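Worksheet for the structure shown next.
The values are calculated or read from the model by the stated rules, or taken from the named source; none is laboratory data. Computed from a predicted structure; not experimentally measured. No Cβ is skipped: glycine too gets one built from the backbone with ideal geometry, and neighbour counts run over all protein chains shown. Each accessible area value is taken on the protein alone, full model and side chains, heavy atoms only, with ligands, DNA and RNA left out. Shrake-Rupley method; radii C 1.70, N 1.55, O 1.52, S 1.80 Å.
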Amino acid sequence: MYSVLSLVVLSLLAVYFLFPIYMAIINSLKSPGDMYRSVLSFPTSPQFDNYVQAFKKANMLRSAWNTVVVTVTGIAGIVFFSSLAGYKLSRTRGRLSNFVFMLFVASMLIPFQTIMVTLTKMAKGLGLQGSPLGLGIVCAGLGINMAIFLYHGFVKGIPRELDESAQIDGCGEFRTYFTIIFPLLLPITFTIVILNMLWLWNDFLLPVLLLTDFRNYTLVLTINMFFGKYSREWGLILASLILSSIPIVVFFAIFQRWIIQGITDGAVKG
């Protein structure tokens, strides 16, 4: 009885999560007339041209490259600086270390809306506004606090004896970290990469604040251009959304085993 009930519940959850994807796919293949008649029905004549037009009008290659620059820059900065900070703060005992760590934790509670005006002015003053690279640097700064919190907790599960053994063998602090500690942080690193990749790839608010030239737009901003004041090109919008999600789907399909292992190990040890 329990197994049957579980199967029913899981099936309903699967339908609940897959139904929006089904709606997006079938409606991306419809003409405007078919869509206005019924959004639930199959397209009478599939309009694959919607994908071609969306790819051309949205300039997908350029927008995808801008998104990749933002995502890679942000994730690289988050992983590099937060892993170093999390390791150092975890291994350093004292009130100052605890105070600095609590500052990072407390910053997680500050709503982004309260700092976005100041952040925009600072980014402009530092020359980071208007470019995907600058946006990636800003995103790295915003994502470091959560990553430090996760790394700090994970490092506590790594024995201090490893550090002491490396020091006896003549390793400095940086060499100890890069050759011994960081490889042990891969599980939580995968978790951090996944969380921040989903955020950076799909973020709308930060790009709309910092990117002023449409040639530097990310995928999300480019798709938003299909929403006109008096019209909505839903076929192109849905087609472009599906095209923009393909890289994320491919990433998860290729690295599925490591992603699941990283989430599991990170949850257990962190």
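At 0.36 nm per residue, and after removing the present C-alpha to C-alpha distance, how many nm does the segment from ILE110 to LEU198 gain when stretched out fully?
My answer for the length gained is 29.6 nm.
Keeping every protein chain present and rolling a 1.4 Å probe, give me the accessible area per residue for the chain in Å². All intermediate terms of the calculation are to be shown ahead of the outcome.
On the way: 16160 Å² over 270 residues.
For the chain, the solvent-accessible area averages 60 Å² per residue.
Relative contact order of the chain, please, whole-number percent, based on alpha carbon pairs below 8 angstrom and at least 6 residues apart.
30 percent
Relative to the longest principal axis of the chain, what angle (0 to 90°, nearest 10) does the C-alpha long axis of helix 60-91 take?
That helix lies at roughly 20 degrees to the long axis.
Have a look at SER45, LEU7, THR92 and report the one farthest towards the positive end of the charge dipole of the chain, computed about the Cα centre with Cβ charges (Lys/Arg +1, Asp/Glu -1).
It is SER45, whose Cα lies furthest towards the positive end.
So how exposed is ARG257, as accessible area in Å² (1.4 Å probe, rounded to 10)?
150 Å²
Extension gain PHE48-VAL8, at 0.36 nm per residue separation less the Cα-Cα distance, in nm?
10.9 nm
Specify the angular offset, from 0 to 90 degrees and rounded to the nearest 10, of the alpha carbon long axis of helix 116-125 from the longest principal axis of the alpha carbons in the chain.
Helix 116-125 sits at roughly 80 degrees to that axis.
Rank ALA123, ALA147, ALA64 by mean-square fluctuation in a GNM of the chain with C-alpha springs under 10 angstrom and give only the top-ranked residue.
ALA123
In degrees, nearest 10, range 0 to 90: what is the angle between the Cα axis of helix 256-269 and the longest Cα principal axis of the chain?
Computed tilt is about 40 degrees.
Quantify, in whole percent, the carbon and sulfur part of the accessible surface of the chain (1.4 Å probe; protein heavy atoms only).
Ligands and nucleic acids excluded, carbon and sulfur give 71 percent.
Please give the FRET efficiency for VAL250 paired with ASP213, using the beta carbon to beta carbon distance and R0 = 30 Å, rounded to the nearest 0.05.
Efficiency, from the Cβ-Cβ distance: 0.60.
Quick check for the chain: number of Lys pairs with alpha-carbon distance under 27 Å, counting only pairs 8 or more apart or on different chains?
Final tally of qualifying lysine pairs is 8.
Two decimals is fine: what is log10 I(q)/I(0) at q = 0.07 Å⁻¹ for the chain, from a Debye sum with one equal scatterer on every Cα and no solvent?
Relative scattering, expressed as log10 I(q)/I(0), comes to -0.36.
Rounded, prolate or oblate: pick one for the stretch 56-120, where a ≥ b ≥ c are the square roots of the eigenvalues of its C-alpha gyration tensor, a/c under 1.5 means rounded, and failing that, prolate if a/b is larger than b/c, else oblate.
In terms of gyration-tensor shape, oblate.
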